[in-house]
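What follows is a set of notes on a single structure, which appears directly below.
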Amino acid sequence: MTFPLIKKTTTGSKLLIFLLLFVFGMVFGSVLGMLVTGMTGSSLSEAGTMQLMQAISQIIGFIIPPLAYVALVKERPLNALGFKKLPAWSLLGTVAMFTVIPFNNALAEWNEGMNLPETLRMFEDMAQQVSEQMLNEGNFFTNILIFGALAAFSEELLFRSVIQKALIRVFNNPHIGIVVTAILFSAVHMEFFGFFPRLMLGLMLGYMFWMSGSIWSSMLMHFANNSTVVVLYFLNNKGIIDIDADHFGSTDNIFVIVLSLMVTVAIFWVCYRFKNKKSIVN
């Protein structure tokens with residue numbers, strides 16, 4: 001098969017193609033999810049049904065559109081998506097997902113205290129209840145697969161591989177492209193009382209992908225972040241630990257919070273130095 005399938009495309013036509021694929025994927029994914037779960041009937045538990053719907057929506061809505069898009073308009077589809085060799089130094093990004101926890105939890109606490117319309121909190125509480133039911137009642141390995149691996153793969157493919165790269169070209173500025181993508185990434189989750197901590201994570205994922213050039217780096221970071229939550233819920237439910245998974249690593253110690261941010265920034269500064277060193281060598 002020769003790529004791209006559509007030989008001549010303008011920036012506007014590429015944008016239209018991607019938007020059409022994305023909207024189709026989201027709508028078709030939702031409809032297919034409801035049809036499949038309806039056909040399974042009582043063969044699955046309520047949590048299992050929700051897991052199945054989540055998996056279908058991620059695959060159809062977040063994975064297929066980016067793959068179809070690059071196949072249609074890019075000469076080297078996998079390379080365009082960032083499927084390149086993972087630099088060893090980019091593994092520091094996964095470490096940063098843990099060093100940032102105290103700071104991000106402080107940011108989350110501030111965000112939760114914002115004066116926003118009560119209807120937003122009601123909507124968010126309903127979504128939180130669905131997630132908690134899957135985490136508490138769903139199979140552990142299925143949760144790792146869906147919340148950890150599949151979510152990391154699908155969301156990074158959509159937001160970093162396609163949207164971020166496109167916005168960097170549009171703005172002709174990597175920082176603006178990364179920030180706007182992080183804002184979109186957080187907004188799509190429709191969790192306004194958790195908008196800023198997710199924005200922080202989006203910035204970290206975006207900068208690591210930009211620095212490393214490999215989508216595997218941000219996927220691994222995303223997987224580590226999500227899977228930690230799944231593991232904490234599992235250990236809590238088994239009575240092995242007694243830790244509030246939603247506030248894991250929280251502290252009122254301002255020194256620890258500031259140190260958390262400083263160490264995280266230092267990690268990214270080291271990675272940036274590695275990026276520049278590689279650019280000079282090349």
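The values are calculated or read from the model by the stated rules, or taken from the named source; none is laboratory data. Everything quoted here is computed from the prediction, not taken from an experiment. Cβ placement follows ideal geometry from the backbone for every residue including glycine, while neighbour counts extend to all protein chains displayed. In case anyone asks, the SASA skips ligands and DNA or RNA and just uses the protein heavy atoms, side chains included. Shrake-Rupley method; radii C 1.70, N 1.55, O 1.52, S 1.80 Å.
Output the pairs from K8/K165; K14/K84; K84/K238 with a Cα-Cα distance over 30 Å in this structure; if there are none, say none.
Numbers: K8/K165 19 Å; K14/K84 23 Å; K84/K238 39 Å.
Table pairs above 30 Å Cα-Cα are K84/K238.
A straight Cα-to-Cα reach below 17 Å connects K7 with the aspartates and glutamates E75, residues fewer than 8 places away in its own chain not being considered.
Surface composition of the chain: carbon plus sulfur atoms hold 69% of the accessible area, using a 1.4 angstrom probe and ignoring ligands, DNA and RNA.
Rounded to the nearest whole Å², what accessible area per residue is found for the chain with the 1.4 Å probe? Before the final figure, lay out the partial values.
On the way: 15160 Å² over 282 residues.
Accessible area per residue: 54 Å².
Treat region 42-156 as a sphere of radius equal to its Kirkwood radius over Cα pairs and apply Stokes-Einstein at 37 °C in a medium of 0.692 mPa s; give the translational diffusion coefficient in µm²/s, rounded to a whole number. Estimated diffusion coefficient is 188 µm²/s. Estimated at the nearest 10 Å², the accessible area of K84 is 80 Å² with a 1.4 Å probe. Helices in the chain that qualify as membrane-span-like (whole DSSP H runs, Cα extent of at least 15 Å along the helix axis, mean Kyte-Doolittle hydropathy of -1.0 or higher) are 11-40, 46-58, 101-112, 118-137, 174-188, 195-212, 215-237, 254-281.
Only Cα pairs under 8 Å and at least 6 apart count here; give the relative contact order of the chain as a rounded whole percent.
Working: 323 pairs, mean separation 72.7, N = 282.
Computed over the chain, the figure is 26 percent.
Suppose every K and R has +1 on its Cβ and every D and E has -1 on its Cβ; what is the size of the dipole of the chain about the Cα centre, in Debye to the nearest 20? List each step's numbers first, then the result.
Values: 17 positive and 16 negative charges, 424 e Å.
For this selection, approximately 2040 debye.
The local environment of A71, defined by Cβ-Cβ distances under 15 Å, has a net charge of +3 under the rule Lys, Arg +1 and Asp, Glu -1. A simple rule links phi to the HN-Hα coupling: the Karplus curve 6.51 cos²θ - 1.76 cosθ + 1.60 with θ = phi - 60°, which for region 80-87 gives 5, 7, x, 7, 10, 4, 7, x Hz, with x for Gly and Pro.
Output the peptides 237-245, 175-183, 101-109, 150-158 sorted from most to least packed, where packing is the average of other Cβ atoms within 10 Å over each peptide's residues.
On the way: 237-245: 11.0, 175-183: 19.1, 101-109: 20.7, 150-158: 22.8.
Highest-to-lowest ranking by the protection proxy: 150-158, 101-109, 175-183, 237-245.
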